[in-house]
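Okay, so here's the structure we're looking at.
The values are calculated or read from the model by the stated rules, or taken from the named source; none is laboratory data. Keep in mind it's a predicted model, so treat the numbers as computed, not measured. All Cβ positions, glycine included, derive from the backbone under ideal geometry; neighbour counts span all protein chains shown. Note: accessible area is taken over every heavy atom of the protein model, side chains too, but ligands, DNA and RNA are not part of it. Shrake-Rupley method; radii C 1.70, N 1.55, O 1.52, S 1.80 Å.
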Amino acid sequence: HSSRDGNWEIYVMNADGSGVTRLTDDPGVDREPSWSPDGSRIVFYSSRDGNAEIYMMNADGAEVTRLTDEPAFDAHPSWSPDGASIAFYSWRDGYAEIYVMSTDGSEVTRLTNDPGSDREPSWSPDGATIAFHSDRTGFAEIYVMNADGSGVTKLTSNPGTDEGPSWSPDGSRIAFTSCRGDNAEVYVMNADGSGQ
């Protein structure tokens, strides 16, 4: 996503940075795109209807469809590796929690249940695990849980902010952003939290 025209829109480009093409053109905020595994569709969140909701569109920007319809903030969709589910976070139950739904917006299930803020879900490549960040212990840390919400495990532990987990293609490591020093930097760790 980029605000190069004064408003957040979704763009696509080739892996070398060429061929930049804008996919959305709306006065609302369009952010946080996530590709379907087959590359045919993109989910993202948008405030185009007055509230942040999850939308889907074809890879060329056509056929935009709203998947959620809640008065609360829904954001950061993440497509499961098997293409069957979309994880996202929402404030619909009073706190930022991680949810999962089918790709048509049905069968919404809450995975986390904590008064802390649980955000930015990221599927492991095998679809068995979801990484996310949460401030449930007072500081934003990286956690992992099973895809059904069980087995929540904290991977980082420091007074800085750790957020934005992203899995390596082989599932062995997780990259994330941390403010544990004087500035936000990119870190990497093993999937069990070791070797940060």
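Worth a mention:
- Relative contact order %, the chain, counting alpha carbon pairs below 8 Å whose residues are six or more apart: 10 percent
- Heavy-atom surface of the chain, accessible at 1.4 Å and reported per residue (Å²): 48 Å²
- The Cα center of the stretch 29-43 and the Cα center of the stretch 169-190 differ in position by 23 Å.
- What the Kirkwood sum gives for the stretch 10-114 is a hydrodynamic radius of 14.0 Å, with every pair of different alpha carbons counted.
- Per residue, the Cα convex hull of the stretch 76-143 amounts to 74 Å³.
- Pair-distance distribution of the chain: all C-alpha pairs, bin width 5 Å, starting at 0; shares per bin in whole percent are 1, 8, 16, 19, 19, 18, 12, 6, 1.
- Normalised alpha carbon radius of gyration of the stretch 104-196 [divisor 2.2 N^0.38 Å]: 1.06
- Which of 7, 90, 79, positive extreme of dipole for the stretch 1-101 (C-beta unit charges): 7
- Computed accessible area, residue 63, all protein chains, 1.4 angstrom probe, square angstrom: 140 Å²
- Rounded percent of accessible protein surface that carbon and sulfur make up, the stretch 122-196, 1.4 Å probe: 47 percent
- When peptides 151-162, 117-128 are sorted by average Cβ neighbour count within 10 Å, with the highest value leading, the order is 117-128, 151-162.
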